Amino acid sequence: MNESAVIEGGLRERKRAATRAAITSITRKLTAERGLNGYTVEEVCEQADISRRTFFNYFPTKEDAVLGHIDDDIPADVLEEFIAGGHASPAGEISPTLFQDLVRLSLKLSEHMAASEEETRQLIGVVKKEPQLILRIIGVTEQREAQFARDVALREGVAPDHPVVQMAVVLLGTIARKSSMAYFSEGNTRPYAELLMENISAASQLFSQPFELPVPAEGHP
């Protein structure tokens, strides 16, 4: 593939990502103001300057548009850098920098979150307006965690169900959610990155403590 084709492909994907983001932003704003049934897809299309067909090429329903697209969670260049960080280690072995690189990835994503803070607040307002979306959010979160497990596994050259990969996804996801809840809580004045690092440091301190596996009692497996 020549350089011009690569550039063209990159521009096309950035344009698609910008259109997806615009649709999500508009649907969140309208849902927070009027509820899911208070506006039409046509209104979204008019504000986004797209056709109805284009809307459904990106999202099957308004609910999906409100929740956003999985590809927009982690910028492609940030993900590529994270995956490349494991190439120095033999495939099948957990790299010694995985935890450090996960922290760096979390901080970079916190910068991305800061750039879209208003959209996040819109989503919180949407959930308050339409609490039935919580179940959809749980389902989407599981899908995104499964995709992140595949990304970590690709970096490490192991299967996505590798226990270290699974724990990395669960722990980082839990820490990110706890940090977000604190950040968006009423009266909070601390930056998200500060809250995130405080929670990561607390988890690191806890798991760095020595422990011994309990010896099973006789007659028990």
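The values are calculated or read from the model by the stated rules, or taken from the named source; none is laboratory data. Source: prediction; values computed, not measured. Cβ sites come from the backbone with ideal geometry, for glycine too, and all protein chains shown count toward neighbours. Each accessible area value is taken on the protein alone, full model and side chains, heavy atoms only, with ligands, DNA and RNA left out. Shrake-Rupley method; radii C 1.70, N 1.55, O 1.52, S 1.80 Å.
Key figures for this structure:
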{"item": "Computed label-point distance, nm, for sites residue 93 and residue 189 using a 7 Å Cα→Cβ extension", "result": "5.0 nm"}
{"item": "Net charge contributed by nearby residues that have their C-beta within less than 12 Å of residue 45 (K/R +1, D/E -1)", "result": "-1"}
{"item": "Heavy-atom accessible surface of the chain: percent carbon and sulfur, 1.4 Å", "result": "57 percent"}
{"item": "Under 14 Å, Cβ to Cβ, from residue 126 - net charge with Lys/Arg +1 and Asp/Glu -1", "result": "+2"}
{"item": "Charged-residue dipole, Cβ positions (Lys, Arg, Asp, Glu), the chain about Cα centre, Debye nearest 20", "result": "640 debye"}
{"item": "Full-extension gain in nm, residue 205 to residue 43, via 0.36 nm per residue minus C-alpha separation", "result": "53.3 nm"}
{"item": "Rough spin-label spacing in nm, given labels placed 7 Å along Cα→Cβ, for residue 181 and residue 64", "result": "3.0 nm"}
{"item": "Computed label-point distance, nm, for sites residue 119 and residue 213 using a 7 Å Cα→Cβ extension", "result": "4.5 nm"}
{"item": "Cα-centred dipole magnitude for segment 143-216, charges only on beta-carbon of K, R (+1) and D, E (-1), debye, nearest 20", "result": "160 debye"}
{"item": "Protein-only accessible surface order, largest first, of 207, 99, 59 at 1.4 Å", "result": "207, 99, 59"}
{"item": "Using alpha-carbon coordinates, inclination of helix 163-183 to the longest axis of the chain, degrees", "result": "60 degrees"}
{"item": "Stretch gain in nm, segment residue 17-residue 84, where the contour uses 0.36 nm per residue and the Cα spacing is subtracted", "result": "21.8 nm"}
{"item": "(i) 13.9; (ii) 12.5; (iii) 17.3, with the label sought being that of the calculated mean projected area of the Cα convex hull in nm²", "result": "(iii)"}
